[in-house]
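K.L.:
Following this message is one structure expressed as C-alpha cells.
The values are calculated or read from the model by the stated rules, or taken from the named source; none is laboratory data. Every value quoted in this text rests on a predicted model; they were computed, and no experiment measured them. Positions of Cβ are backbone-derived with ideal geometry, glycine not excepted, and every protein chain shown enters the neighbour counts.
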C-alpha cells in the first residue's frame with residue numbers, strides 16, 4: 001500500500017524566514033496531495049492541496065510543489081509568523097473517495 | 001462555516017468496556033471517515049463509509065470496531081471491548097463528493113485504563 005515519508009520531524013525558524021517541509025510517496029497511482037495543519041488539541045485543518053495534473057499551487061504565503069516523476073511534494077511557507085507554529089502533515093490519496101495516507105508530521109516552531 | 005463536530009471531547013473507560021464515539025458530519029456531505037492518532041504518531045485511517053455501507057477498512061478496524069449512520073445526521077464509531085492500545089485521538093472526517101476535500105472534526109481523546 002501507499003507509504004508517505006515526511007521530513008524534517010521538527011523545524012525551528014525565526015519569524016520572517018521561510019520554511020520548507022518535504023514528503024515522498026510510494027504509490028504512483030496517488031493523485032491528490034493535501035497538507036493539513038494541526039494545532040494543539042485540535043483536528044487537522046486543510047491549508048492547501050494539489051492534484052497530480054498541476055506542478056505548483058500558491059495561496060498567499062503558502063505554496064506546494066509536486067514532482068510526479070520523483071514522487072515527492074513540498075510545502076513552502078514564506079514570511080513565517082509565530083501563529084504558523086503547529087504540526088504540519090502531508091497526505092496522499094488515490095482520489096475519489098479513497099482514504100488519506102498521512103506522513104509522520106513536522107513540528108514547526110516560529111520564534112519571534 | 002459548516003464544521004464537523006464530535007462528542008465527547010474526552011472519554012475515559014475501563015479495559016473491556018464498550019465505547020461509542022459520535023460525529024456529526026457536515027450536512028450535505030456523503031462520504032464519511034474515521035481516523036485515529038496515537039499520541040505523537042501519524043494520523044491513521046480506520047474506515048470509510050458511503051451509501052450506508054463500509055467502503056474500505058484498515059487492518060486496525062477488526063471485529064471489535066463497527067460504524068453506523070443511525071439517523072442521517074450522526075456517524076458513530078463503536079469499540080465493543082476496549083483494549084489499552086485503543087487509547088488514541090479519534091477523528092471523524094467527511095466530504096461532499098468524489099475528489100473533494102476531507103474536513104476533520106476536533107477529535108475525541110479516548111483513554112483506556
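Rundown of residues vs (1) loosely packed, with under 13 Cβ neighbours inside 10 Å; (2) at pLDDT below 95; (3) within 13 Å of chain B (Cβ to nearest Cβ); (4) part of a loop (DSSP other than H, G, I, E, B), yes/no style:
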{"site": "A:37", "(1), (2), (3), (4)": "no, no, yes, no"}
{"site": "A:41", "(1), (2), (3), (4)": "yes, yes, yes, yes"}
{"site": "A:46", "(1), (2), (3), (4)": "no, yes, yes, no"}
{"site": "A:50", "(1), (2), (3), (4)": "no, yes, yes, no"}
{"site": "A:53", "(1), (2), (3), (4)": "yes, yes, yes, yes"}
{"site": "A:65", "(1), (2), (3), (4)": "no, no, no, no"}
{"site": "A:69", "(1), (2), (3), (4)": "yes, yes, no, yes"}
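K.L.:
Is it the case, given these coordinates, that residue B:97 is within 14 Å of chain A (Cβ to nearest Cβ) and within 25 Å of residue A:104 (Cα to Cα)?
P.N.:
On the way: within 14 Å of chain A (Cβ to nearest Cβ): yes; within 25 Å of residue A:104 (Cα to Cα): no.
No, not satisfied.
K.L.:
Being modelled with pLDDT of 95 or more and assigned to a loop (DSSP other than H, G, I, E, B) is the filter here; which residues of region B:64-74 pass it?
P.N.:
Selection gives B:64 alone.
K.L.:
Based on what the data block shows, is residue B:77 crowded, with 19+ Cβ neighbours inside 10 Å and either assigned to a strand (DSSP E or B) or at pLDDT below 95 (or both)?
P.N.:
Details: crowded, with 19+ Cβ neighbours inside 10 Å: yes; either assigned to a strand (DSSP E or B) or at pLDDT below 95 (or both): yes.
Spelling it out, residue B:77 is indeed crowded, with 19+ Cβ neighbours inside 10 Å and either assigned to a strand (DSSP E or B) or at pLDDT below 95 (or both).
K.L.:
Looking only at region B:1-37, count how many residues are over 28 Å from residue B:84 (Cβ atoms) and in a strand (DSSP E or B). Don't jump to the end; show me each part of the working.
P.N.:
Taking region B:1-37 as the starting set, the residues that turn out to be over 28 Å from residue B:84 (Cβ atoms) are B:1-3, B:24-31.
Right, trim to in a strand (DSSP E or B) and you get B:24, B:31.
Number of matching residues: 2.
K.L.:
Within region B:38-56, which residues are within 24 Å of residue A:5 (Cβ to Cβ), free of Cβ contacts under 8 Å to residues at least 12 places away in the same chain and in a strand (DSSP E or B)?
P.N.:
B:56
K.L.:
Right, here's the next one. Which residue, of A:2, A:79, is touching a strand residue (DSSP E or B) at 6+ places or on another chain (Cβ under 9 Å) and outside any strand (DSSP E or B)? Steps first, answer last, please.
P.N.:
On the way: A:79 fails: touching a strand residue (DSSP E or B) at 6+ places or on another chain (Cβ under 9 Å).
Testing whether each residue is touching a strand residue (DSSP E or B) at 6+ places or on another chain (Cβ under 9 Å) and outside any strand (DSSP E or B) leaves just A:2.
K.L.:
Scan region A:87-100 residue by residue and report those that are buried (at least 21 other Cβ atoms within 10 Å of the Cβ), more than 7 Å from every other protein chain (Cβ to nearest Cβ) and not in a loop (DSSP other than H, G, I, E, B). I'd like the intermediate steps shown before the answer.
P.N.:
The first filter runs over region A:87-100 and keeps only residues buried (at least 21 other Cβ atoms within 10 Å of the Cβ), leaving A:88-93, A:97-100.
After this cut, where a residue has to be more than 7 Å from every other protein chain (Cβ to nearest Cβ) as well, the list is A:88, A:90-93, A:98.
The answer is A:88, A:90, A:91, A:92, A:93.
K.L.:
For region B:67-86, which positions are within 13 Å of the chain's Cα centre (by Cα) and under 25 Å from residue B:40 (Cα atoms)? First the steps, then the outcome.
P.N.:
Filtering region B:67-86 for residues within 13 Å of the chain's Cα centre (by Cα) gives B:67-69, B:74-79, B:86.
Within region B:67-86, B:76, B:77, B:78, B:79, B:86 qualify.
K.L.:
Follow-up question, since we're still on this one. Considering (1) at pLDDT 95 or above; (2) closer than 29 Å to residue B:54 by Cβ; (3) within 13 Å of chain B (Cβ to nearest Cβ), say which one residue A:26 fails and leave the rest.
P.N.:
Against the list (1) at pLDDT 95 or above; (2) closer than 29 Å to residue B:54 by Cβ; (3) within 13 Å of chain B (Cβ to nearest Cβ), residue A:26 comes up short only on (3).
Quick grid of which residues meet (1) touching a residue at least 12 places away in the same chain (Cβ under 8 Å); (2) surrounded by 13 or more Cβ atoms within 10 Å (Cβ to Cβ):
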| site | (1), (2) |
| --- | --- |
| B:11 | yes, yes |
| B:24 | yes, yes |
| B:36 | yes, yes |
| B:61 | yes, yes |
| B:64 | yes, yes |
| B:70 | no, no |
| B:73 | yes, no |
| B:84 | yes, no |
| B:113 | yes, no |
